[in-house]
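These notes concern the structure reproduced below.
The values are calculated or read from the model by the stated rules, or taken from the named source; none is laboratory data. Predicted model only: the values in this text are computed from it and were never measured. Every residue, glycine among them, receives a Cβ derived from its backbone with ideal geometry; neighbour counts consider all protein chains shown.
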Amino acid sequence: MRAVTIRQPWATLIALGEKRFETRSWATKHRGAIAIHAGKAVDKKACAHPAIKTILSKHGYSTPNDLPIGAVIATGVLMDCWQSFIQEAQVVLESAGRIKNITAFEESLGDYTEGRYAWELDQMNILQKPIPAKGYLSLWNWEESIEGN
């Protein structure tokens, strides 16, 4: 299964289904199953943001130290890869001639600078127990049977 490493708290927000787009400087042609790997870095400033702190608390994460790191924490589906642009002072996403608007809340959870890419993630299944794994840059292959042993 393809996997992507994401810093905390963003990885957990995606796993919980609270964040639907992961923004990157590069596009991907991959569509389909994807594992969400929580990297070892935690953005503590982001964790302290009131909206993010509220969401995490609602799901039982009281402090940044409660967030899993260095592990695959969820699986889901990478639905599409959208490119962002600004239209009338609003972020708009485009893919294959289709246009999608995002909420202000979703916009606050990513870097939607014009020309960046938003990976649309859906059907998240948070794992009961995170599976320790070494993360990598870019998309990488994760084999649960190997990493889980």
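Look at region 59-74: where a residue is more than 16 Å from W142 (Cβ to Cβ) and a partner is assigned to a loop (DSSP other than H, G, I, E, B) and aromatic (F, W, Y), sitting 6+ places away or on another chain with Cβ atoms under 7 Å, you get L67/Y61.
Answer with yes or no whether I52 is touching a Gly at 6+ places or on another chain (Cβ under 8 Å) and either surrounded by 14 or more Cβ atoms within 10 Å (Cβ to Cβ) or outside any strand (DSSP E or B) (or both). When the stated conditions are applied, I52 does not pass them. Restricting K29, K40 to those that are over 27 Å from N101 (Cα atoms), surrounded by fewer than 17 Cβ atoms within 10 Å (Cβ to Cβ) and modelled with pLDDT of 95 or more reduces the list to K40.
Residues checked against (1) hydrophobic (A, V, I, L, M, F, W, C); (2) farther than 16 Å from Q123 by Cα:
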{"site": "L16", "(1), (2)": "yes, no"}
{"site": "T23", "(1), (2)": "no, yes"}
{"site": "A41", "(1), (2)": "yes, yes"}
{"site": "K44", "(1), (2)": "no, yes"}
{"site": "C47", "(1), (2)": "yes, yes"}
{"site": "I52", "(1), (2)": "yes, yes"}
{"site": "S57", "(1), (2)": "no, yes"}
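Just to verify a result, which residue in region 75-115, among those that are aliphatic (A, V, I, L, M) and without any contact (Cβ under 8 Å) to a residue 12 or more places away in the chain, is farthest from G17 (Cα to Cα)? Looking at residues that are aliphatic (A, V, I, L, M) and without any contact (Cβ under 8 Å) to a residue 12 or more places away in the chain, I get A89.
What about L13, is it in contact (Cβ under 8 Å) with a residue 12 or more places away in the chain, under 25 Å from K134 (Cβ atoms), touching a His at 6+ places or on another chain (Cβ under 8 Å) and of a type in the set (A, V, I, L, M)? Considered against the rule, which asks whether it is in contact (Cβ under 8 Å) with a residue 12 or more places away in the chain, under 25 Å from K134 (Cβ atoms), touching a His at 6+ places or on another chain (Cβ under 8 Å) and of a type in the set (A, V, I, L, M), L13 comes out as no. Listed conditions (1) outside any helix (DSSP H, G or I); (2) out of contact with any helix residue (DSSP H, G or I) (no Cβ under 9 Å at 6 or more places or on another chain) are all met by S57, apart from (1).
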